[in-house]
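The numbers here are math on the coordinates, done by the rules we state, and not lab data. All figures in this text were calculated on a predicted structure; none of them were measured in a lab. Note that each Cβ is placed from the backbone with ideal geometry, even for glycine, and that neighbours are counted across all protein chains shown.
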Amino acid sequence: MTLPQEIDLNGVRVYQGALDRYAQVSLLEDVRAILRAAPLVRHVTPSGKPMSVRMSAAGDFGWVTDRSGYRYQRHHPSGTPWPPIPASLLILWNKYSKSDRAPECCLVNWYAPDAKMGLHQDNDEADLAQPVLSISLGDDARFRVGGTERSDPTRSIWLSSGDIAVLGGAGRLAYHGVDKLRAGSSSLMPNGGRINLTLRVVT
């Protein structure tokens, strides 16, 4: 079995090739089950701007944004509880996160070919010593990571389907984002696009 290649990107650990094709296909089925219970939503920022990435979640909490602000909440915008985090994702968390706590949220981000995510910090969690684990499925995405100040220099890497990134330690509060997708670079999903799964401890 080929071991994933580990890369340090401004304190963020990237494991290239962590999931083989079989694991990616299996995980995609788990994601589809999540989305049947909690359909994707296009949130708006507090200023009213629609996000280009559509989102859902699993676990005790999901992250949402609207005119009221950014926050975690215990139910889908429809009012239904979030579905549980699949066992397949808990296994990956235990293997890669180096955390002694279980994740309370798995965000599901769907990127259409023209979607992107601006530089931001993941800092809405109560315990910032706990890592964020990110899993890529589908088309390649150019992942940009800076420092703890928005003005810090950034470095970029193309994340491919099956790659895992861990924001922990020095990289936990690094500004990061996705600049663009390489449309058609993966055959995992027939219609293309990218799914990004991020596991985190909320409380």
Going by how many other Cβ atoms sit within 10 Å of their own, how do Ile7, Ile195, Ile91 line up, fewest first? Ile91, Ile7, Ile195
Calculated on alpha-carbon atoms, Rg and Dmax of the chain in Å: 15.6, 48
The exposure ranking of Tyr70, Tyr96, fewest beta-carbon neighbours within 10 Å first, is Tyr70, Tyr96
Given Pro77, Ala126, Leu27, which one lies farthest toward the positive end of the charge dipole of region 5-200, if we put +1 on the Cβ of every Lys and Arg and -1 on the Cβ of every Asp and Glu? Pro77
Percent RCO, i.e. relative contact order, over region 5-200, from Cα pairs under 8 Å lying at least 6 residues apart: 27
With +1 on each Lys and Arg Cβ and -1 on each Asp and Glu Cβ, and nothing else charged, work out how big the dipole of region 5-200 is about its Cα centre, in Debye to the nearest 20. 420
Using alpha carbons only: equivalent-ellipsoid semi-axes of region 16-106, gyration tensor based, whole Å: 25, 15, 13
Let me check I've understood the local charge: for Thr45, count other residues with C-beta under 15 angstrom from its C-beta, Lys and Arg +1, Asp and Glu -1. What total comes out? +4
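By the scheme Lys and Arg +1, Asp and Glu -1, what is the net charge of all other residues having a beta-carbon under 14 Å from that of Leu27?
0
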Per DSSP H run of n ≥ 4, the term is -39500 (n - 2.57); total these for the chain, divide by its residue number, and report the mean residue ellipticity at 222 nm rounded to 500 deg cm²/dmol. -4500 deg cm²/dmol
Check cross-link reach from Lys49 to the lysines: straight Cα distance under 17 Å, and skip same-chain residues fewer than eight apart. Lys116
Given H placed 1.01 Å from N in the peptide plane, which residues other than close sequence neighbours of Lys180 have an amide H under 5 Å from its amide H? Arg142
Sequence of Trp110, Trp158 once ranked by neighbouring C-beta atoms within 10 Å, starting from the fewest: Trp158, Trp110
